[in-house]
1. If I ask for residues that are surrounded by fewer than 16 Cβ atoms within 10 Å (Cβ to Cβ) and within 20 Å of Ala256 (Cβ to Cβ), which ones from segment 306-338 would you list?
2. Looking only at segment 68-91, count how many residues are touching a strand residue (DSSP E or B) at 6+ places or on another chain (Cβ under 9 Å) and either farther than 26 Å from Asp259 by Cα or without any contact (Cβ under 8 Å) to a residue 40 or more places away in the chain (or both).
3. Is it fair to say Ser341 is farther than 20 Å from Gly125 by Cα, open to solvent by less than 40 Å² (accessible area, probe 1.4 Å) and of a type in the set (Gly, Ala, Ser)?
4. On the given criteria, is Glu279 in contact with an Asp or Glu (Cβ under 9 Å, 6 or more places away or on another chain) and among the charged types (D, E, K, R)?
5. Mind listing whichever residues of segment 159-193 are in a helix (DSSP H, G or I), among the aliphatic types (A, V, I, L, M) and either in contact with a Lys or Arg (Cβ under 7 Å, 6 or more places away or on another chain) or crowded, with 22+ Cβ neighbours inside 10 Å (or both)?
6. Quick one: which residue in Gly284, Gly240 is touching a residue at least 24 places away in the same chain (Cβ under 8 Å), touching an Asp or Glu at 6+ places or on another chain (Cβ under 9 Å) and in a strand (DSSP E or B)?
7. Looking only at segment 59-117, filter to residues that are assigned to a strand (DSSP E or B) and of a type in the set (D, E, K, R); which one of those is nearest to the chain's Cα centre (by Cα)?
8. Of Lys302, Lys270, which residue is surrounded by fewer than 16 Cβ atoms within 10 Å (Cβ to Cβ) and not hydrophobic (A, V, I, L, M, F, W, C)?
Amino acid sequence: MTLKHVAEKAGVSQAAVSRVLKQDRTFSVSEETRQKILRAADELGYRSQSWLDQDIAGPLSRGKVGVFLLYNELTEVEDSYYQIVRLNAKSELEKNGFKAVEFFRETMEKGMEEIDSFQGIILVGHPGNWFRMEGLRSTLKDMGLPIVCADFQLKEEELNADYVINDFESIVKKALECFEQNGYEEIGYIGTYGIQVPGELQEDDRYRYFRKMMEEKERFHEEFVWLAKDSRIENGYELGRKILEEKQKLPRAIFAENDNMAIGFLRALKENSVSVPDEVSVIGCNDIQTAAFVTPPLTSVKIYNHLTGTMAARLLTDRIVTKREEGVKLIVPNRLVIRESCREGRG
């Protein structure tokens with residue numbers, strides 16, 4: 001029996017049958033029609049081949065998934081980036097019938113105590129925090145649970161996991177191309193020193209690609225790079241204030257590691273009567289909600305972090321249900337959003 005047979009018996013479209021049998025909660029249909037489809041499928045002995053079908057997922061759909069957040073809860077208060085990842089992962093897991101149990105860094109020990117009850121794990125954060133959690137690392141290596149890392153990637157031998165990551169090379173390229181369309185040759189960078197991993201300080205990928213691309217054009221200038229310990233608004237502000245107080249030369253354009261640093265930097269420029277974009281153009285990264293409401297509105301490379309959470313949950317569901325052993329890597333798209341801090345092609 002096929003979807004077509006069920007559709008004909010119920011007197012509805014094949015699409016309606018498919019979405020009802022997949023328990024698509026976004027599909028609006030009357031309860032009468034829903035029951036008609038279910039009765040037709042039952043009478044014909046139809047069994048969906050979808051990996052989300054209740055008959056296949058069965059007890060798995062009532063299981064628990066641990067969502068381990070490798071940062072403090074305060075991090076989400078200061079920056080909504082990871083909150084969006086977390087909430088979308090949780091929503092997608094619940095749509096697929098799982099219960100998401102979340103643990104911030106301060107409650108991680110409790111999560112490790114409950115780890116035997118989870119059918120899979122989603123890790124959200126960055127490798128710097130991961131490497132500082134020796135207990136969690138050794139436990140997950142020994143458990144052999146299906147794991148998805150959301151927004152970061154590890155070396156292959158670290159975990160046999162799935163990864164949902166950003167394409168930082170294309171993010172930097174979009175920003176630099178926007179500057180170049182305006183004819184700006186002196187381009188600077190504000191960001192962080194990077195993250196501490198075993199035995200070394202690892203440069204942020206955005207800075208690494210920025211330096212590489214600028215060196216290839218023979219236009220990289222060390223004096224136009226300013227780094228801080230963290231990437232908060234106050235770090236961007238302090239960098240900008242220090243640059244201007246010391247009367248350091250500003251480049252014609254600056255790419256910021258994230259929007260928070262860009263927003264802090266814009267504030268310092270405004271306090272010192274530096275006109276944006278007429279004297280200095282600025283592009284951030286992430287396109288957080290605040291970016292559109294600062295003065296001037298911030299041009300930024302938008303990262304679709306809601307997809308990071310959603311796809312992390314889908315990959316984990318797939319791995320649990322199909323028992324797939326091989327890890328996969330998924331790259332999240334990005335888009336340049338033009339606003340007043342750097343207008344496109346001004347020349």
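1. Hits for segment 306-338 are Arg335, Ile338.
2. The qualifying residues number 2.
3. yes
4. Criteria not met by Glu279.
5. Hits for segment 159-193 are Ile171, Val172, Ala175.
6. Unique residue meeting the criteria: Gly284.
7. My answer is Glu102.
8. Lys270
The values are calculated or read from the model by the stated rules, or taken from the named source; none is laboratory data. Bear in mind that the values here come from a model prediction, so they are computed numbers and not experimental data. As a convention, Cβ positions derive from the backbone with ideal geometry for all residues, glycine included, and neighbour counts pool all protein chains shown. What goes into the accessible areas is simple: the full protein's heavy atoms, side chains included, and nothing from ligands, DNA or RNA. Shrake-Rupley method; radii C 1.70, N 1.55, O 1.52, S 1.80 Å.
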